[in-house]
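K.L.:
Sharing a structure here in C-alpha cells format.
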C-alpha cells in the first residue's frame with residue numbers, strides 16, 4: 001500500500017534499490033544532489049544532472065522530459081552521503097515556462113524495482129518557483145527514510161544549489177541549462193523521408209488498422225514532441241487548475257489521443273471513416289506529416305489512373321473513327337453513322353467509368369482532408385484554421401511547415417497542404433513577375449509585387465511562429481524601401497532582427513554580416529570545433545527576405561547572395577527572394593544557377609510544381625491570412641512577447 | 001487450397017463465398033547459386049527479375065519492374081529487386097503486389113514475366129516458381145513451377161485479366177528470350 005505524503009511528512013524506506021518517478025505536465029529537468037552530514041553539497045561532482053547523469057548509485061535522464069525514472073541504489077551511494085535530494089526544474093529554453101504555477105502540480109514517487117509504489121508526493125501549491133526539491137532520502141540511525149520536501153526556488157537552480165551550500169552554483173546551473181538545450185536539439189525528429197511509401201498497398205478493403213490512434217505517446221519523449229501536447233496547450237492549461245486537486249492519472253495520457261478524438265475505428269465493410277493521424281510516425285506531428293504526404297501521393301496516382309484511362313479512351317475512339325472513314329462502304333449511309341456513334345459511345349462509357357473511379361477516390365480523400373485539416377498544428381495549418389487563435393510559442397520546431405496549397409484541375413476544390421521539411425534545404429523565391437500563362441486575370445505588375453511580398457511576409461511569420469522564441473530571426477533587405485506597406489505586420493510587431501536594410505550600403509552591410517556568419521559556422525564545422533564560435537555570435541537560424549532583387553545589388557552583393565543561397569542552409573541562413581526574373585535579365589546566364597537553386601513559389605495560383613511520383617503539374621496557391629483577419633498580427637505579437645521574455 | 005497450375009490453365013479469382021479478391025501478390029522465388037565459400041569462388045549469381053506489364057486493349061500502358069517499382073496509378077507495386085535468389089524453399093524472393101480494386105478502368109490485362117538478368121537459362125536455375133497469393137489473408141491461390149525451362153532466359157508466366165466484374169488468372173508458361181521485359185513484348189502480344 002503506497003503512502004501519499006504531505007509536505008514535510010516522512011516515511012520509512014526498507015529497500016536500497018529504488019526508482020524515483022517524476023511526472024509533470026511539461027518537460028522538466030530532473031537531478032539529484034548528494035549532501036554530507038551537515039546538509040552541504042561539497043561540489044558539482046556531487047550533483048547528478050543531464051550534463052553528468054551518473055554518480056555512484058544514482059542515474060538521471062540526460063534531457064528534459066515530462067516523465068522521468070531516476071535509478072537509485074542507496075547501497076552503492078558513498079558512506080559520506082547523508083542526504084539524497086531529488087530536484088525538478090523547468091528548463092530555461094526559449095518559449096519554455098518560467099514558473100511551476102502555470103502547470104498542473106508535478107508528482108514524484110518512490111517505486112520499488114518490482115514496480116510497487118512505496119510512497120508518492122504531489123507538489124501542490126507551487127507558484128513562481130522554477131526549481132524545487134521534491135523529495136529527499138536521508139539516513140536516520142543506519143536506515144534510509146523518505147521525506148516530502150517541496151521546497152521551491154523562484155530564482156531557479158542557482159538559488160537551489162546555493163541554498164545547499166554548493167560553491168559553484170551558478171556555473172552548474174548554467175551547465176545544466178546547456179546540457180538540456182543540447183538534449184532538446186538531439187530530440188528533434190531525424191530525417192525520415194519516407195514519403196513514397198504505400199499507405200494502402202493492399203489493405204484498402206480491410207480498412208486501415210489505424211496505427212495513428214494508438215497512444216504512441218506513452219513515453220515521455222513522444223508526448224513532448226507531439227504537437228497535441230505543445231500545439232494546443234492553451235486549452236489544456238486554461239482548464240488545468242494550478243495546484244488544484246491531485247490528479248493521479250498520467251497527465252499526458254489524455255493528450256496522446258488525436259485532437260479530433262475520433263471514436264474507435266469502425267471495422268465495418270467499405271472504406272473506414274478517415275481519422276487524422278492515420279499514418280506511421282513517432283509523434284502526432286510526424287504522423288500528420290506522413291498522412292498529408294500519403295494523401296498527396298494518393299491524389300497524384302488516382303489522377304494518373306484517370307488521365308491515362310481518358311487518354312486511352314480518346315485514342316481508341318480516334319482509331320475507330322479512322323477505321324470507319326477508311327472503309328469506303330461507310331462513307332455514306334447509316335452503317336457509317338452507327339459505327340461512329342458506337343465508337344463515341346465506347347469512349348464516353350470508358351471516360352465515365354474513369355470519372356466514377358476518380359470521384360470515389362476524391363470523395364475518400366476529401367473526407368480525409370476534412371478531418372485532417374482541423375487537426376493540423378499551426379505550422380501545417382492554413383491561416384483561417386482556429387488552431388492559430390490558440391497559438392502558443394512552441395518549445396521546439398515542428399518537422400515541417402506548410403508553404404501553400406496544391407491541387408490539380410480534376411481535384412478542385414480539394415487542396416493538399418504543401419508541407420516542406422524544416423530546416424529548409426533550399427531557399428525560396430516568390431516570383432513577382434507575370435506568369436507566362438497570364439490570361440488577363442492577373443493583377444497588374446505593381447499589385448503583383450505587393451502580393452508577392454505579402455506572400456513572403458506570411459511565410460516569414462509562419463516560420464517565426466513555428467520556431468521556439470529566439471531560435472529563428474528574420475532580416476529584410478528592401479533596397480528601395482518599396483515594401484514598407486507589405487512589411488508592416490513584421491515591422492509593427494517588432495519581430496525583425498533589425499530594421500529593413502535599404503540602399504546599396506545597407507545591402508552590403510546585411511549581406512556581409514550573414515556571409516561572415518556562414519563562413520564562421522562552416523569553419524567551425526569543418527574544424528570539428530562547433531563550440532569554438534565567437535561568444536557574441538547569434539546561433540539562431542536566420543531568414544533573409546530580399547525584396548525587389550536585384551535592385552540595389554552590385555556585382556559583389558550578387559556574388560554574396562549566390563554564396564548564401566548555396567552555403568547558407570547548412571549554416572542556418574535561409575533566403576526568401578521576392579523577385580521578377582525579368583529584372584535580372586542584364587546578368588544573363590550568370591544567375592541561372594541561383595534561380596535553379598531556389599524553390600519557386602507564386603503569389604497567385606500557378607501550375608508549376610511537379611510531384612515526385614508521376615510528375616503532374618500541380619497548381620500552387622500561397623497561404624495568406626483571410627482578408628480583414630488580424631491573425632498574423634496576433635501571432636507575431638505572441639512571438640515578440642515570448643522573445644522579450646527570454647531576453 | 002492451393003492449385004498447382006499447368007500451362008494454359010485458367011483459374012477464376014472469384015472467391016468461393018462470392019466475394020472477389022481485392023489484392024493479390026505475384027511471388028517469384030528461386031534457389032541462389034551454390035556457394036563454396038566467399039573468397040575467390042566467383043559464384044555466378046542468378047538474378048531473376050519479375051515484371052508486370054499493364055495492357056489496355058493490347059497496348060502496353062505501364063510497366064512495373066525493378067527500375068519503375070510502382071505503376072503511375074499506384075495499383076501495382078514491386079517490392080524490390082533481389083539480385084541473388086533465396087533458399088529455394090518456396091519463399092518469395094521478389095514480389096509484385098496488385099490492388100485489383102485500384103487498377104484503372106481501361107487496363108484489362110496484367111501480364112507477369114520473369115527474366116534472367118544475368119543470362120542463365122532456366123535449366124541452370126533450381127526450384128524456380130511463381131505463385132499467386134491472396135494478399136489479404138496470405139493464402140496461396142495458385143503455384144506454377146518453372147520447370148522444363150530449357151534453353152530459355154525468360155518466361156511469360158501468367159496473366160490476370162478482367163472477366164465480367166471480376167478477374168481471372170491464366171497460367172501461360174510461354175518461354176522466351178530476353179534480358180528485361182522490353183525484349184518480351186513481341187512474345188507477349190500473341191498471348192493477350
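K.L.:
Report whether or not residue B:74 is surrounded by fewer than 22 Cβ atoms within 10 Å (Cβ to Cβ), in a loop (DSSP other than H, G, I, E, B) and within 14 Å of another protein chain (Cβ to nearest Cβ). Step through it out loud before you land on a result.
P.N.:
Numbers: surrounded by fewer than 22 Cβ atoms within 10 Å (Cβ to Cβ): no; in a loop (DSSP other than H, G, I, E, B): yes; within 14 Å of another protein chain (Cβ to nearest Cβ): yes.
No.
K.L.:
Quick check on region A:601-616: of everything there that is in a strand (DSSP E or B) and in contact with a helix residue (DSSP H, G or I) (Cβ under 9 Å, 6 or more places away or on another chain), which residue is nearest to residue A:488 (Cα to Cα)? Quick ask: steps written out before the conclusion?
P.N.:
Of the residues in region A:601-616, the ones in a strand (DSSP E or B) are A:601, A:606-610.
With in contact with a helix residue (DSSP H, G or I) (Cβ under 9 Å, 6 or more places away or on another chain) added as a condition, the list becomes A:601, A:607.
Values: A:601: 21, A:607: 29 Å.
So, considering only residues that are in a strand (DSSP E or B) and in contact with a helix residue (DSSP H, G or I) (Cβ under 9 Å, 6 or more places away or on another chain), the one nearest to residue A:488 (Cα to Cα) is A:601.
K.L.:
Let me ask another. Residue A:336 versus (1) within 51 Å of the chain's Cα centre (by Cα); (2) away from chain B (no Cβ under 11 Å): which is the lone unmet condition?
P.N.:
(1)
K.L.:
For region A:455-571, please list each of the helices (runs of 4 or more DSSP H) lying entirely inside it that holds at least 2 residues being out of contact with any strand residue (DSSP E or B) (no Cβ under 7 Å at 6 or more places or on another chain) and closer than 24 Å to residue A:594 by Cβ. Explain how you work it out, then say what you get.
P.N.:
Numbers: elements: A:484-493, A:503-526, A:555-567.
Result: A:503-526, A:555-567.
K.L.:
Let me ask you something else. Quick check on my filter: what residues within region B:91-122 are farther than 15 Å from residue B:68 by Cα and within 11 Å of chain A (Cβ to nearest Cβ)?
P.N.:
Matches in region B:91-122: B:99, B:100, B:101, B:102, B:103, B:104, B:105, B:106, B:107, B:108.
Only the coordinates and a few stated rules stand behind these numbers; no lab work does. This is a predicted model, so every value here is computed, not measured. We place every Cβ from the backbone using ideal geometry, glycine too, and count neighbours over all the protein chains shown.
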